[in-house]
Amino acid sequence: MTVDPHVLARARARVLGGPSVSASDPVPPGTVAAADGARVWVLPEWPDGATPALLEEYDTAPMPLDRAGQARRVLAAALRCCWTRLDDAPWPGSPSTVADVLEVYAGMTRGDTDLARRWATGELRRLSDTGWLLLDEASGAVRPGPRVALWPEGSLASLRDLLRRLPEPGPRPDSGEGPGE
């Protein structure tokens with residue numbers, strides 16, 4: 001039995017949430033490619049105005065996370081560290097350290113900062129699993145994930161304003177400066 005490569009790629013994107021493929025692999029209709037060098041992330045494309053009800057009808061959660069509010073704050077902290085040039089698009093962004101992201105997140109919360117960092121570490125992993133971030137735990141690096149590439153330019157103004165109000169990450173050990181300095 002032969003399977004159309006476009007159908008297979010669409011199914012893979014739907015099940016895996018944003019698989020990385022070679023730039024030479026086919027990108028099926030109904031998907032969007034978020035390119036980053038020799039790799040491409042294949043993401044399901046939703047029509048303009050897709051509501052949560054439509055996504056639910058297709059059995060696709062927009063952000064399948066247990067604590068969506070906390071996950072959004074962790075994503076904002078990661079973007080604050082990785083989206084260093086807010087006038088540019090957030091994708092592909094710049095790598096940052098997990099430590100910087102956790103520091104920014106801790107600066108956004110009240111209470112026990114060690115507990116906040118532990119919770120945020122779990123959220124970083126879940127955000128990575130769903131394609132919102134690319135997390136390399138071995139090197140301690142994080143950067144925006146391919147789903148960020150799907151944000152339309154018109155929706156970024158309020159996000160830029162929010163990120164400007166968040167605490168800045170600390171100085172980078174290699175340069176002695178914070179990002180954007």
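Just a few scattered comments:
- The condition of being modelled with pLDDT of 90 or more, within 29 Å of Pro26 (Cβ to Cβ) and assigned to a strand (DSSP E or B) holds for Leu135.
- Residue within region 149-158 that is of a type in the set (S, T, N, Q) and touching a residue at least 24 places away in the same chain (Cβ under 8 Å) present: no
- Members of region 124-137 that are in contact with an Asp or Glu (Cβ under 9 Å, 6 or more places away or on another chain) and either open to solvent by 60 Å² or more (accessible area, probe 1.4 Å) or in contact (Cβ under 8 Å) with a residue 40 or more places away in the chain (or both): Leu124, Arg125, Arg126
- Restricting region 34-89 to residues that are assigned to a loop (DSSP other than H, G, I, E, B) and at pLDDT 75 or above, the residue that is surrounded by the fewest Cβ atoms within 10 Å (Cβ to Cβ) is Asp87.
- If you go through region 142-157 and keep only what is assigned to a helix (DSSP H, G or I) and modelled with pLDDT under 90, you end up with Pro146, Arg147, Val148, Ala149, Leu150, Glu153, Gly154, Ser155.
- For region 123-132, the tally of residues that are part of a helix (DSSP H, G or I) and in contact with a helix residue (DSSP H, G or I) (Cβ under 9 Å, 6 or more places away or on another chain) stands at 4.
- A residue that is over 15 Å from the mean Cα position of the chain (by Cα), in contact (Cβ under 8 Å) with a residue 24 or more places away in the chain and in a loop (DSSP other than H, G, I, E, B) can be found somewhere in region 100-117.
- Flag if Leu162 is at pLDDT 90 or above, open to solvent by 50 Å² or more (accessible area, probe 1.4 Å) and in a helix (DSSP H, G or I): yes
The values are calculated or read from the model by the stated rules, or taken from the named source; none is laboratory data. These figures come from a predicted structure and were not determined experimentally. Glycine gets a Cβ as well: all are built from the backbone with ideal geometry, and neighbour counts include every protein chain shown. Just so you know, the surface numbers come from the protein's heavy atoms only, side chains and all, with ligands and any DNA or RNA stripped out. Shrake-Rupley method; radii C 1.70, N 1.55, O 1.52, S 1.80 Å.
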